[in-house]
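Notes follow the structure.
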Amino acid sequence: MKKFSSVALALVTAFGVVYGFSSSADKTAYALSGNTSQIFSAAADFNHTQGERQWYYQSLTGSVYTDLVYNADNKRWQPSNGAYPWVSKNQLQPSENADSVLKWVSPGKGTIAITGEVSRSSELGDGIVVTVLKDSKMLWKNTLTLVKGYAPKSVGSVPVEKGTAIYFIVNRRNTSVGDNALWSPTIEFKSDAPVATPTPTPTPTATPIAKPTTVTPSPTPTAAPTATPTPTSTPTPTPTATPAATATPTPANAGIDVTSCGAIADDGKDDYAAFAACATKAKTQGKLVTVPAGNFTLGKILTLDGVSLSGAGMDKTTLISTDPQNGSIDIKGDGVKLTGIKHTYATTVARGNGANEKNSITVRSATNFVIDGVYVYKSSTAGILVTYEAKGGRISNNVVDSTGADGIHMTNGSSDIVVEGNLVKGVGDDTIAVVSYDEPAVHNITIRNNDVGYGSKARGISVVGGKDVLIEGNAVKDTQMAGIYIACEGSYNTANVNNVTVKGNTVDHTGIQEPQNHPNVLVYASTGVIDNVTFTNNIIKNAAHRGIGVWGDGQIKDVYFTGNTLINDKGANTTFKNGTIHLLDNIGF
């Protein structure tokens, strides 16, 4: 294991909200009402099409900008006749004779704020020159000779017109040695006036052959440090769930009420046939299904295929599944929104084979879906499971409580998903999990501002195989195993891990269960490769057994810890047995 205490970390910019549009119509602009803001993230929006989400990838020779060509093998933009310069999701590499350029074009009139630090990725060479231009006007320029992050200055309120171009340019200094830049800017655009945009026509995602869903077990840590006395058990607090605001009433002509299809609230009879008929009718008419306040009973799996369902609020509308083996609400197709309900099971069964039919909500190959303001209470397996290459979703402002397996679980190649503002408590496995059993790996996932744990039986937030994952601003408390867990597990042949950013989280009193004795934070590889894992500005405290661990028999490459605070009085503060560990400005390590 190598350990460098003076190597700086290039801070990776937080992903923006990803909506998962894939139509070429998205290249033009985004519909924005007056004084509305939109986030454009170079990392989250990175695409193989020029102009997608307003981003372009170019080279600059003299004063001439030239579009680069996407190389699918390298997953970056580069010249058709050579390897340099190039632009990838979060890196720019100039050549001897040309600069690398990331360009963003404003969709309308307004102001922008630019965030995201830039850093050299290597100490080699004599440095790089980085520039931000507005059309031809210089906004910021700096020469980087140190391996540390620099934030552009005076770019917090820049006026733009429709078509204004913002250029992020990287040039060599004197030599071209070691001139790779880590740069993933984010632009917040605030519109002064509505911007027209064509309605995109999404391309449906083909439904792949179903794969069995297997829940990832926790590893048995290898060669743990000398055991410390078992701490006095801390009572598990029961947080008070703050329900999402009651859904805004839907105009009568916008939805079809399930009661018009024969559903009757609070009578204890099966309403499945009415719900199914209403869903079919609503899809045919291009409307959504609305559900008034009250309790409704479902005797079978309810499938929402390209049709949305909205209740009166998670505290008012309850759907009760009576078959513990077949009670999932399945989401398929494009653009489905599930909002304003509580879903529960009358009874549950053992988790057993973890069948998806026993989940509370199962997202199957859906695109551009939204699950917001939903209370998931009890299920035999997962609370919300996203699978079969689902893409472009938002899971926000939900409560997930007392499930038999993971609270929120993303697997089987799913991508471009934001999980934000959820409360997950008392679940039977991990609270929020990214798991890749094979390729394609789950990727482009943002897990932000969630409150999780509270007696959950395994890990807090986990990435077990996956890439390009941001874990930011979450609170993880009182989980049986590690609060944050990054891993490759040989027993399930999971995919490798690459480019995971863990930023601004609080991990408090996790790893409670014995004899596993997990640390608050664990990076673990029993096989495979883990690389480019970054921990920045996290508070890691009150571990039940020990603070931070990095170990396993697999290949662990670069793991960065920068600006973290560790408050630990149980066991070892850090246990680094594998990997190249980079430490900078941490407290308590």
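The values are calculated or read from the model by the stated rules, or taken from the named source; none is laboratory data. Keep in mind that what you see is a predicted model, and the values were worked out from it rather than measured. When we count neighbours, we look across all protein chains shown, and the Cβ atoms used for this are built from the backbone with ideal geometry, even at glycine. For the accessible areas, the whole protein counts, side chains as well, though only heavy atoms, and no ligand, DNA or RNA atoms are used. Shrake-Rupley method; radii C 1.70, N 1.55, O 1.52, S 1.80 Å.
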For Asp558, solvent-accessible area (1.4 Å; no DNA, RNA or ligand), Å²:
40
Heads up, I need the accessible area for Asp266: 1.4 angstrom probe, whole protein in place, Å², nearest 10.
100
Which aspartates and glutamates, if any, have their Cα less than 20 Å from the Cα of Lys300, not counting same-chain residues under 8 positions apart?
Asp257, Asp266, Asp267, Asp270, Asp271, Asp323, Asp330, Glu357
Which shape class applies to segment 59-106: rounded if a/c is under 1.5, otherwise prolate when a/b exceeds b/c and oblate if not, where a ≥ b ≥ c are the square roots of the Cα gyration tensor eigenvalues?
oblate
Relative packing of peptides 452-465, 526-539 - highest average C-beta neighbours within 10 Å first:
452-465, 526-539
Residues of segment 257-366: accessible area per residue with a 1.4 Å probe, Å²
38
Taking Cα pairs under 8 Å and at least six residues apart, what relative contact order does segment 448-589 come out at, in percent?
19
Using a 1.4 angstrom probe on the protein heavy atoms only, could you order Phe40, Phe589 from most to least accessible area?
Phe589, Phe40
Can you send over the solvent-accessible area of Glu514, 1.4 Å probe, protein chains only, in Å² to the nearest 10?
90
Leaving ligands, DNA and RNA out of it, report the carbon-plus-sulfur percent of the accessible area of segment 248-379 at a 1.4 Å probe.
51
Which lysines does Lys134 reach when only Cα atoms under 18 Å apart count, and residues fewer than 8 places away in its own chain are ignored?
Lys103, Lys109, Lys153, Lys162, Lys190
How many Å² of accessible area per residue for segment 529-587, probe 1.4 Å?
34
What are the GluC sites (Glu not before Pro) within segment 347-428 that DSSP puts in a loop, where the Cβ has at most 15 other Cβ atoms within 10 Å?
none
Using the per-residue mean of other Cβ atoms lying within 10 Å as a proxy for protection, in what order, highest first, do the peptides 305-315, 400-410 fall?
400-410, 305-315
When ligands, DNA and RNA are left out and all protein chains stay put, how many square angstrom of accessible area per residue does segment 423-520 have with a 1.4 Å probe?
23
Rounded percent of accessible protein surface that carbon and sulfur make up, segment 430-577, 1.4 Å probe:
41
Cross-link reach from Lys425 to aspartates and glutamates, straight Cα distance under 15 Å and at least 8 residues apart if same chain, gives Asp401, Asp406, Asp451, Asp478, Asp508
Would you please classify the overall shape of segment 366-462 from the alpha carbon gyration tensor, given that a ≥ b ≥ c denote the square roots of the eigenvalues, rounded means a/c under 1.5, and beyond that prolate means a/b larger than b/c while oblate covers the rest?
prolate
For segment 117-155, which trypsin sites (Lys or Arg not before Pro) are both in a DSSP coil and crowded by at most 12 other Cβ atoms within 10 Å?
Lys153
With each pseudo-label sitting 7 Å past Cα toward Cβ, what's the Leu139-Asn47 distance in nm, one decimal?
2.0
Quick check: residue separation of Ala72 and Thr565 times 0.36 nm, minus the Cα distance between them. What number comes out in nm?
173.5 nm
